[in-house]
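Okay, so here's the structure we're looking at.
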Amino acid sequence: MSLSSSVHTKEIEAVYYQQNSRVEFRLLPNKLYSTDVIVSNLGISKAANPVNFGKWAGVYGQVENVTLFDGNTELSNLSDMAFWSGFKMFNKENQYSGSVGNQYNGANHMNSFGQSDTNTNSNGLINFGAKITDRGIRQYQPAVLDSNTYKGQIKLRMVFDLLNQMSYIDTSIFKNFRVVLELSADVARVMRGRQDDSDITTTRPFMVVHEVIDTEILSNMMGKMGNVVYDEIEDDLVQIPAVTGMIDSDKYKNQVNNYHISAFNSKTLGRILLWKQPSLLANQRSVDANGSAAAYGIYNSDAFLGEVEQIRINGRNVLARAGITGSNRRLAHMVDSWGNCSMNCFNVGLANTSPDAIVRTRLIENGNEEFGCLDFVGLDMGGEKCSDLQIDLSRTGLFLASVAPGGAGGSDGTYATDAVRTAASKYNTAHNMGIYCEIKKAIVMAGDGSYSVVYV
């Protein structure tokens with residue numbers, strides 16, 4: 001729909017707002033609105049010890065769920081909006097992330113080449129390599145006062161395909177159109193590192209809409225909406241258990257997990273995304289004493305040693321042979337299904353050491369926290385109706401010996417025993433695996449102007 005002199009841009013105040021809990025907006029009935037709806041003024045204030053907003057979701061981290069309603073009828077819902085909106089920002093070209101995306105939410109998805117990295121090896125030779133850094137990109141953090149803190153905005157079309165597929169929002173049909181956001185005061189969702197969240201406060205957002213005022217357009221379009229088919233993002237969650245029982249004589253231990261996913265039964269599946277989130281609280285911090293730093297906090301998707309995935313739908317393997325083996329194949333499948341992403345070349349796969357055994361802790365500007373932290377699995381299920389979905393995921397546990405204070409790798413002596421270090425490694429700890437899938441739904445119009453929301 002054309003947005004020219006035919007529309008009037010309005011700011012809509014929330015009809016209900018409770019700090020750190022919930023906000024609701026409503027559109028007036030018998031109006032026509034553009035689907036380009038923006039929730040603005042999203043932010044938080046923090047009275048003490050503020051740090052930068054999280055690299056993944058920025059201020060979007062405060063939104064747990066967002067739902068479009070017509071009265072009590074749910075039109076579309078997105079659970080864990082913070083993760084998914086972060087993924088949609090990540091699912092952009094690097095230039096867009098740096099120039100546009102990061103300004104919307106205060107996150108940090110762009111990477112750039114910086115100065116040379118130098119390291120002297122055991123033979124006295126200097127190794128040179130390029131650093132990949134995000135330090136030249138503006139960093140956002142909350143302020144003490146609501147009036148001074150950074151505030152972002154989110155375009156709802158980014159997270160709701162329904163709004164992309166509709167030409168307009170007709171409130172002569174959706175007479176009680178509501179936008180509801182559930183807010184969180186968990187500082188770990190919003191900021192880097194885990195800190196006390198007793199002094200975190202959300203700002204009061206408002207909504208920006210474009211109302212059609214052209215009488216000819218209103219006459220031609222109101223009350224004449226047809227059927228709409230769209231992709232709903234639905235999700236499920238399973239746990240990858242910790243790898244245990246490793247001893248020095250058994251330095252590697254294979255773990256095989258099989259999951260029957262019932263959340264998508266009788267539904268038509270599009271693209272699927274697997275997210276491997278660390279469930280150990282210590283491994284969700286930006287700076288981690290356990291040696292498993294999480295650059296993206298709770299939104300890390302960790303790579304595993306010897307990781308292999310196979311997906312079966314309706315008894316048929318989706319992937320050839322053993323499945324996806326190796327980080328490069330995982331990346332290829334993810335990009336082929338979801339498109340390019342603004343990641344650096346170390347975000348998938350595993351960290352390693354140089355041939356002379358010197359640990360390269362500054363291969364990139366932020367060190368090893370950037371290794372293997374955005375390792376997703378993405379596939380296109382091709383629009384097949386699901387009666388049975390199974391996911392196989394195997395990995396190899398790794399035994400880690402203690403490092404004495406001042407020894408190789410610069411350990412500070414945090415690890416008292418081999419067992420402590422082994423149990424704390426992200427390659428061995430329990431993880432939550434989030435399964436996100438595009439599900440075909442439709443709004444089907446009846447002759448009397450009523451409608452039904454159905455699975456296709």
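The values are calculated or read from the model by the stated rules, or taken from the named source; none is laboratory data. Please read all numbers here as calculations on a predicted model, not as lab measurements. Here the Cβ is made from the backbone with ideal geometry for all residues, glycine too, and neighbour counts use every protein chain on show.
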Contact list, first residue from region 427-445 and within 19 Å of Y299 (Cβ to Cβ), second anywhere and hydroxyl-bearing (S, T, Y), beta-carbon distance below 7 Å, six or more apart or interchain, is A430/S279; H431/S279; N432/S279
For region 344-384 the number of residues that are among the hydrophobic types (A, V, I, L, M, F, W, C) and modelled with pLDDT of 80 or more is 7
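So that you can scan it fast, the table gives a plain yes or no per residue for (1) under 23 Å from A107 (Cβ atoms); (2) in a helix (DSSP H, G or I):
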{"residue": "I154", "(1), (2)": "yes, no"}
{"residue": "N164", "(1), (2)": "yes, yes"}
{"residue": "S167", "(1), (2)": "no, no"}
{"residue": "R189", "(1), (2)": "yes, yes"}
{"residue": "R204", "(1), (2)": "yes, no"}
{"residue": "V208", "(1), (2)": "yes, no"}
{"residue": "E211", "(1), (2)": "no, no"}
{"residue": "G223", "(1), (2)": "no, no"}
Name the residue, out of Y16, Y96, that is at pLDDT 95 or above and not assigned by TED's automatic domain parsing to the domain that holds C341.
-> Y16
Every listed condition ((1) crowded, with 16+ Cβ neighbours inside 10 Å; (2) at pLDDT 90 or above; (3) closer than 30 Å to G378 by Cβ) holds for N227 save (1)
Would you please name the residue that is surrounded by the fewest Cβ atoms within 10 Å (Cβ to Cβ), looking only at residues in region 52-73 that are of a type outside the set (D, E) and assigned to a strand (DSSP E or B)?
-> T73
Looking only at region 435-456, and only at residues there that are over 26 Å from the mean Cα position of the chain (by Cα) and hydroxyl-bearing (S, T, Y), the one that is surrounded by the fewest Cβ atoms within 10 Å (Cβ to Cβ) | S450
With the condition kept exactly as written, say whether any residue in region 45-56 is modelled with pLDDT of 90 or more and touching a Ser or Thr at 6+ places or on another chain (Cβ under 9 Å).
-> no
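Quick check on A242: is it surrounded by fewer than 17 Cβ atoms within 10 Å (Cβ to Cβ), closer than 30 Å to V66 by Cα and modelled with pLDDT of 90 or more?
Here the answer is no, as A242 does not meet what is asked.
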Residue check for R157: at pLDDT 50 or above and within 30 Å of G226 (Cβ to Cβ) | yes
